[in-house]
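K.L.:
Got a structure for you, written out below as structure tokens; questions coming shortly.
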Amino acid sequence: MEYGIAALGTASKTNFQKIERVQNHSLRIMTGGIKSTPINSMESVRGLESLADRRKKKIVCQYTKFQHLANHPMCKLITNNPRKRLKRTNFTASAQQIHKSLELPDLRPDTPLQSSIDWPPWNQQSQIEIVKDIDGVTSKKSMIKRELHCLTQNMLDKKYPSNYWIRAFTDGSASEAHNSKDAIHKLSRAAQVTIFRLRTGHNRLKHHLFSRFKIGDGPNCPCGANRQDAQHVLQDCPLLDDARLKYWPEPREMNQKLYGSAPQLGITAEFICASDLTI
């Protein structure tokens with residue numbers, strides 16, 4: 001979708017919407033969202049920027065690249081500021097407008113880069129200590145990973161306190177500490193679709209089908225409640241009390257059932273499957 005998208009910087013709104021429809025259709029396939037599911041909800045769960053925002057980024061990157069390619073034909077074209085049509089803009093004008101709206105610094109080739117330091121950092125200290133031994137660690141093969149981790153952390157906390165030193169992890173060992181991915185991606189395809197539809201409220205329960213599409217005889221639950229939605233099914237419906245007690249012997253908040261860990265989300269999906277409800 002992004003290949004050559006910078007060339008669509010001058011495309012009309014109608015033509016660009018045709019490409020957006022392709023992406024939106026793909027998002028519905030990936031997330032299992034129904035027709036009424038908001039686009040931003042599908043983009044959020046997949047961690048995807050909107051196509052319009054990605055187009056802006058590509059346009060600015062391509063414009064900056066052309067500025068620095070002195071022998072490229074586009075460099076002379078964007079430098080001379082070609083005239084734009086009355087009803088349509090051009091690539092240069094679009095890039096400059098986006099550049100200005102984002103308040104980006106000017107990166108023209110004739111703008112020298114200012115040095116922030118007068119002395120290279122590797123020459124500021126002549127005595128550099130390289131630590132190769134850790135107290136308590138004799139052989140990596142004879143120790144488990146958890147033990148090695150604990151001994152290393154103890155050594156760092158003792159010799160290099162975090163309030164005096166900036167710790168830089170270059171071996172990728174700290175990547176999992178910043179892993180903010182949703183646990184929904186660890187579930188099966190069917191469970192992902194179930195959880196996603198319950199989260200957004202755009203599902204096949206009676207309340208949404210009747211209020212949005214006028215399908216069915218009303219939004220009421222068979223138990224007699226005024227609306228059959230995710231909150232009612234997971235927390236309140238008396239017809240599902242036995243199944244609810246089976247899967248959650250102890251009370252669970254709605255947030256834990258829909259946004260908790262992978263095992264918690266898996267239990268929610270199993271509960272919906274056992275309830276014979278179509279989500």
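K.L.:
In the list ARG108, ARG85, which residue meets the criterion of being closer than 28 Å to TYR3 by Cβ, exposed (fewer than 11 other Cβ atoms within 10 Å of the Cβ), at pLDDT below 80 and in contact with a helix residue (DSSP H, G or I) (Cβ under 7 Å, 6 or more places away or on another chain)?
P.N.:
Values: ARG85 fails: in contact with a helix residue (DSSP H, G or I) (Cβ under 7 Å, 6 or more places away or on another chain).
Checking each option against the conditions leaves just ARG108.
K.L.:
Take the stretch 217-249 and flag every residue that is over 15 Å from LEU277 (Cα atoms), surrounded by 15 or more Cβ atoms within 10 Å (Cβ to Cβ) and modelled with pLDDT under 95.
P.N.:
If the condition is that a residue be over 15 Å from LEU277 (Cα atoms), surrounded by 15 or more Cβ atoms within 10 Å (Cβ to Cβ) and modelled with pLDDT under 95, then ALA225 is the only one that fits.
K.L.:
Could you pull out every one of the helices (runs of 4 or more DSSP H) wholly within the stretch 12-101 that has 2 or more residues that are under 30 Å from HIS207 (Cβ atoms) and either in contact (Cβ under 8 Å) with a residue 24 or more places away in the chain or of a type in the set (Val, Ile, Thr) (or both)? Write out each step before concluding.
P.N.:
Details: elements: 13-31, 39-46, 51-68, 73-79, 91-101.
Output list reads 13-31, 39-46.
K.L.:
Let me ask something additional. Quick one: would you say LEU77 is at pLDDT 85 or above and in the same structural domain as LYS13 (by TED's automatic domain parsing)? Before the answer, list the steps.
P.N.:
On the way: at pLDDT 85 or above: no; in the same structural domain as LYS13 (by TED's automatic domain parsing): yes.
No: the conditions fail for LEU77.
K.L.:
What number of residues in the stretch 177-198 are at pLDDT below 90 and in a helix (DSSP H, G or I)?
P.N.:
First, the residues of the stretch 177-198 that are at pLDDT below 90: 177-182.
Okay, now just the ones that are also in a helix (DSSP H, G or I), so 177-178.
Number satisfying all stated conditions: 2.
K.L.:
Can you confirm whether the stretch 46-68 contains a residue that is of a type outside the set (Gly, Ala, Ser) and more than 24 Å from PRO105 (Cα to Cα)?
P.N.:
So the first thing to find is which residues in the stretch 46-68 are of a type outside the set (Gly, Ala, Ser), and the list is 46, 48-49, 51, 53-68.
So of that shortlist, the ones also more than 24 Å from PRO105 (Cα to Cα) come out as 46, 48.
The answer is yes; a qualifying residue exists.
The values are calculated or read from the model by the stated rules, or taken from the named source; none is laboratory data. Computed from a prediction, not measured in an experiment: that's the story for all the values here. Quick reminder, even Gly has a Cβ in these numbers, built from the backbone with ideal geometry, and neighbours come from all protein chains shown.
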